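See structure below.
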Protein chains: 2
Amino acid sequence: MRFQNVIGVRRDGLRHTESELRELAAGAANGDIPDYQLAAWLMAAYLNPLDDEETAWLTQAIAESGERVDLTGLPKPWFDKHSTGGVGDKTSIILLPILAACGMTVLKMSGHGLGTTGGTLDKLESIPGFRVDLDIEELKSQAKRIGVAITGQSPNLAPADKALYALRDVTGTVASIPLLVSSILSKKIAGGAETILLDVKSGSGGFMRTAEGALDLAAGLARTAKTCGLDCHLALTDMTQPLGSVGNAVEIEESLAILRNQAENAGQERVRELIHELAGIALASVHLVQTPQEGREMARSVIESGKALAKAEEWFAAQGGSIDAALPTAPVQRTIKASQTTYIAEIDAESVGVAVIAMGGGRRRKDDLIDSRVGVKVHVAVGSAVKQGEPLFTICAADEAMADRTERLVLGATSWSDAPVEKRPVVIRVF
Amino acid sequence: MRFQNVIGVRRDGLRHTESELRELAAGAANGDIPDYQLAAWLMAAYLNPLDDEETAWLTQAIAESGERVDLTGLPKPWFDKHSTGGVGDKTSIILLPILAACGMTVLKMSGHGLGTTGGTLDKLESIPGFRVDLDIEELKSQAKRIGVAITGQSPNLAPADKALYALRDVTGTVASIPLLVSSILSKKIAGGAETILLDVKSGSGGFMRTAEGALDLAAGLARTAKTCGLDCHLALTDMTQPLGSVGNAVEIEESLAILRNQAENAGQERVRELIHELAGIALASVHLVQTPQEGREMARSVIESGKALAKAEEWFAAQGGSIDAALPTAPVQRTIKASQTTYIAEIDAESVGVAVIAMGGGRRRKDDLIDSRVGVKVHVAVGSAVKQGEPLFTICAADEAMADRTERLVLGATSWSDAPVEKRPVVIRVF
């Protein structure tokens with residue numbers, strides 16, 4: 001019954017005490033507070049948002065609601081990277097071996113995808129034999145040995161977040177910035193991070209569909225991270241158009257192309273640009289270089305020298321895969337070409353994401369199976385000047401009917417211009 | 001999943017369609033909508049209140065969420081009376097036989113008490129043998145035969161209200177006027193009423209503690225009742241002080257005293273005044289008389305002639321009791337007398353209610369057992385001029401220690417004045 005008082009505080013727009021938020025997180029984690037009371041609190045918190053101090057308290061309380069990873073024995077500073085997720089967002093798969101090749105130790109817990117936001121684990125699972133179920137000890141020892149390791153989110157870490165997130169998902173209370181901030185940062189804190197790099201996506205393919213919303217989220221993350229004592233670096237990046245190709249195997253293929261220094265079209269060029277930018281920030285954040293500019297140079301150099309690719313092979317092999325493994329391939333590979341000379345004015349990220357989900361390349365529901373073969377290779381970007389007959393998209397589909405449907409959806413997501421269109425910078429702002 | 005959209009409408013302060021509210025009520029009744037989604041909707045509805053049309057839609061939808069009582073065969077207009085509940089509120093027990101003695105047919109579903117609000121059923125159950133579990137057919141046939149019958153709320157009537165109320169109780173969302181209005185009126189509609197008399201209590205012992213809140217609730221009830229096609233009559237009445245004595249057996253005793261025309265102190269005088277007022281409104285509402293004034297005269301006359309008492313005996317006997325049955329009596333009966341000549345400035349209703357609950361005369365939780373013997377007889381009212389040695393309260397307790405505690409609480413709830421204090425009218429306003 002006592003939790004009713006806590007609900008009342010939020011409902012009436014008053015301020016929580018730190019101990020009330022500890023009670024909330026502990027009760028969500030151990031099931032002592034029933035779902036309906038948590039749901040009522042979440043709606044009250046959506047409509048009467050937590051202030052900065054309350055958000056920091058909640059973040060810490062969620063981080064402390066379960067086990068915490070102890071990174072003792074790994075080189076400091078303990079670094080983690082997180083993206084708010086987007087269509088074609090394969091950043092971690094490319095960035096992790098680059099950073100490891102530069103001498104950083106990167107270990108990461110990641111998730112499966114839901115909705116238009118693909119999951120890093122789903123993509124890695126399209127590599128035959130790749131294991132994403134390392135336990136914390138395996139994760140740490142692999143990271144210590146080769147500098148890079150990835151696994152699924154441990155259920156024992158920040159269990160309050162798991163309970164709250166499941167409820168937010170079904171009660172229309174996901175899109176609250178203080179709740180998002182506490183969800184994201186609590187997991188980073190529980191994972192042992194001290195220095196974090198956050199990639200906040202802005203646009204229809206990301207969680208925050210408007211530039212204002214994404215900026216608010218980024219600012220909220222920066223403030224709360226600081227209050228919680230994290231060394232937080234933040235990039236606000238474009239998600240109005242897909243970040244290169246979209247799918248599972250096709251994104252692994254594209255990731256390896258970038259690591260092989262083979263980016264060859266405008267879609268891949270944007271991926272490479274983002275990777276360089278994020279690597280620059282990451283390397284500077286841990287003081288391996290003096291400036292992000294030096295970091296970008298270092299990243300470029302480990303790609304060009306083949307060190308990043310070699311690190312990727314070491315990583316994939318350590319988790320049971322190989323960079324040379326044959327990836328699952330869709331039987332239908334249809335390249336859509338430009339019917340006339342034109343400029344690309346728009347490729348709506350969300351619509352492309354939805355088209356890939358419709359082919360089975362993503363999940364509508366948590367228990368949907370994924371067809372890792374399907375996807376859409378995106379050869380162009382907003383601002384690309386294309387000549388008649390040049391490739392725009394390659395649709396990888398299970399059959400011709402599916403390819404037909406996807407072609408209509410992808411062309412529907414695209415708009416054209418007779419006049420030149422400005423390219424959009426992939427990184428909008430760095431905090 | 002679809003109900004998330006309905007939650008989103010409320011969360012964003014938009015307007016529901018009628019079919020959304022039907023879906024809500026049906027899903028609450030049959031369990032298709034999980035508690036946590038209903039809880040989130042309730043909090044959103046608390047913070048973004050339903051407008052009048054939405055409230056009327058919700059009321060009808062809840063009324064139609066289960067069985068409905070068909071009063072065919074009983075004389076029209078089909079009348080029902082409801083009180084929002086208060087400390088010492090025994091109105092129905094006195095009013096029903098009076099109205100029946102005047103020629104009306106009154107059948108009522110009532111509830112058990114929770115918190116400081118006593119329950120009519122609990123009070124009637126203190127009469128040895130009295131049955132409050134008539135089924136709908138028994139209720140109707142008894143009302144047809146003798147004009148008066150009462151029973152517990154049928155679980156099949158307005159089941160959506162039962163589900164929503166249970167959640168509101170534990171999520172801090174009870175005190176929302178549109179939700180209160182739909183809860184109260186849906187049950188009246190499901191019960192077959194066409195003409196209703198609502199007694200809205202105002203003050204610390206009632207549900208609405210402030211005069212403004214009670215007035216808002218009364219106004220909301222009046223508007224929604226009208227939209228739903230009910231002929232609704234409404235009295236806003238004083239609940240800043242107890243309505244006479246408080247307890248279970250002691251309230252039956254006091255009810256019979258009023259019916260025997262034996263009201264002999266200022267506390268009972270207020271009960272009698274309220275009964276006359278409500279009877280006047282009720283009799284005029286069904287056109288048995290032209291004006292409430294004539295209705296009051298008629299009520300007075302059936303009391304004075306003994307017809308009302310005879311009807312009460314017929315009623316009690318029909319349900320297994322008797323007006324002459326020996327009521328349970330507390331072993332300790334301690335009368336507190338005025339220590340000096342003074343005026344009564346305040347008797348806080350809630351504090352007296354809490355004191356009676358502490359003796360076991362009411363429920364803190366739904367499954368608490370009730371001691372029907374205990375209570376506090378209130379001999380005075382705000383504005384009473386008392387002389388030294390005159391009785392103020394009689395405490396009916398299980399033992400001396402309990403009487404000591406209750407004496408302190410009841411005296412603590414009372415304040416005094418050397419100067420005359422104005423009496424408070426029992427009826428504040430009639431709509």
Go through A:S301, A:S285, A:S305, A:S322 for me and flag whichever is modelled with pLDDT of 95 or more, over 21 Å from A:P425 (Cα atoms) and in contact with a His (Cβ under 6 Å, 6 or more places away or on another chain).
-> A:S285
Might you let me know whether segment A:335-344 holds any residue that is in contact with a His (Cβ under 8 Å, 6 or more places away or on another chain), part of a strand (DSSP E or B) and under 30 Å from A:H276 (Cβ atoms)?
-> no
Name the residue, out of B:L278, B:L215, that is of a type in the set (A, V, I, L, M) and buried (at least 23 other Cβ atoms within 10 Å of the Cβ).
-> B:L278
Tell me which residues, restricted to segment B:146-175, are hydroxyl-bearing (S, T, Y) and either more than 14 Å from every other protein chain (Cβ to nearest Cβ) or surrounded by fewer than 23 Cβ atoms within 10 Å (Cβ to Cβ) (or both).
-> B:T151, B:S154, B:Y165
In segment A:120-148, anything closer than 30 Å to A:V352 by Cα and in contact (Cβ under 8 Å) with a residue 60 or more places away in the chain is listed as A:D122, A:K123, A:L124, A:E125, A:S126, A:I127, A:P128, A:G129, A:F130, A:R131, A:V132
Quick one: what pairs do we get from segment A:16-39, first residue free of Cβ contacts under 8 Å to residues at least 40 places away in the same chain, second of a type in the set (D, E), C-beta under 7 Å, 6+ apart or different chains?
-> A:Y36/B:D35
Does A:A263 satisfy the condition of being in contact with a helix residue (DSSP H, G or I) (Cβ under 7 Å, 6 or more places away or on another chain), aliphatic (A, V, I, L, M), surrounded by fewer than 22 Cβ atoms within 10 Å (Cβ to Cβ) and modelled with pLDDT of 95 or more?
-> no
Name the residues in segment B:251-269 that are part of a helix (DSSP H, G or I) and either more than 22 Å from B:I323 (Cβ to Cβ) or of a type in the set (A, V, I, L, M) (or both), would you?
-> B:I252, B:L256, B:A257, B:I258, B:L259, B:A266
Do we have B:L71 as of a type outside the set (V, I, T) and within 21 Å of B:S305 (Cβ to Cβ) here?
-> no
Meets criteria (in a helix (DSSP H, G or I), among the charged types (D, E, K, R), free of Cβ contacts under 8 Å to residues at least 24 places away in the same chain and touching a Pro at 6+ places or on another chain (Cβ under 9 Å)) for A:E313 | yes
Residue in segment B:34-42 that is over 32 Å from the mean Cα position of the chain (by Cα), crowded, with 22+ Cβ neighbours inside 10 Å, within 27 Å of B:A218 (Cα to Cα) and within 12 Å of another protein chain (Cβ to nearest Cβ) present = no
If we keep just the residues of segment A:44-83 that are acidic (D, E) and over 14 Å from A:T227 (Cβ atoms), which is surrounded by the most Cβ atoms within 10 Å (Cβ to Cβ)?
-> A:D80
Can you pull out the residues in segment A:220-234 that are over 18 Å from the mean Cα position of the chain (by Cα), surrounded by fewer than 21 Cβ atoms within 10 Å (Cβ to Cβ) and in a helix (DSSP H, G or I)?
-> A:R223, A:K226, A:T227
A:L327 being surrounded by fewer than 19 Cβ atoms within 10 Å (Cβ to Cβ) and in contact with a helix residue (DSSP H, G or I) (Cβ under 7 Å, 6 or more places away or on another chain) = yes
Of the residues B:I370, B:I395, B:I344, which is crowded, with 16+ Cβ neighbours inside 10 Å, closer than 15 Å to B:D122 by Cβ, under 26 Å from the mean Cα position of the chain (by Cα) and aliphatic (A, V, I, L, M)?
-> B:I370
For residues in segment A:11-23 being more than 9 Å from chain B (Cβ to nearest Cβ) and among the basic types (K, R), which is farthest from the chain's Cα centre (by Cα)?
-> A:R15
Complete set of residues in segment A:409-431 that are of a type outside the set (G, A, S), more than 21 Å from the chain's Cα centre (by Cα) and closer than 23 Å to A:D89 by Cα | A:L409, A:V410, A:L411, A:T414, A:E422, A:K423
Does B:N5 satisfy the condition of being of a type in the set (S, T, N, Q), within 13 Å of another protein chain (Cβ to nearest Cβ) and more than 23 Å from A:P34 (Cα to Cα)?
-> no
Options B:L411, B:L369: the member that is in contact with a strand residue (DSSP E or B) (Cβ under 9 Å, 6 or more places away or on another chain) and either at pLDDT below 95 or within 25 Å of B:D238 (Cβ to Cβ) (or both) | B:L411
What number of residues within segment A:376-431 are closer than 30 Å to A:S83 by Cα, assigned to a strand (DSSP E or B) and of a type in the set (S, T, Y)?
-> 3
Test: A:A26 is surrounded by 21 or more Cβ atoms within 10 Å (Cβ to Cβ) and on the phi < 0 side of the Ramachandran plot | no
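The values are calculated or read from the model by the stated rules, or taken from the named source; none is laboratory data. Predicted model, so just to flag it, every value in this text is computed and none were measured. A quick note on method: Cβ atoms are made from the backbone with ideal geometry, for glycine too, and the neighbour counts reach across all protein chains shown.
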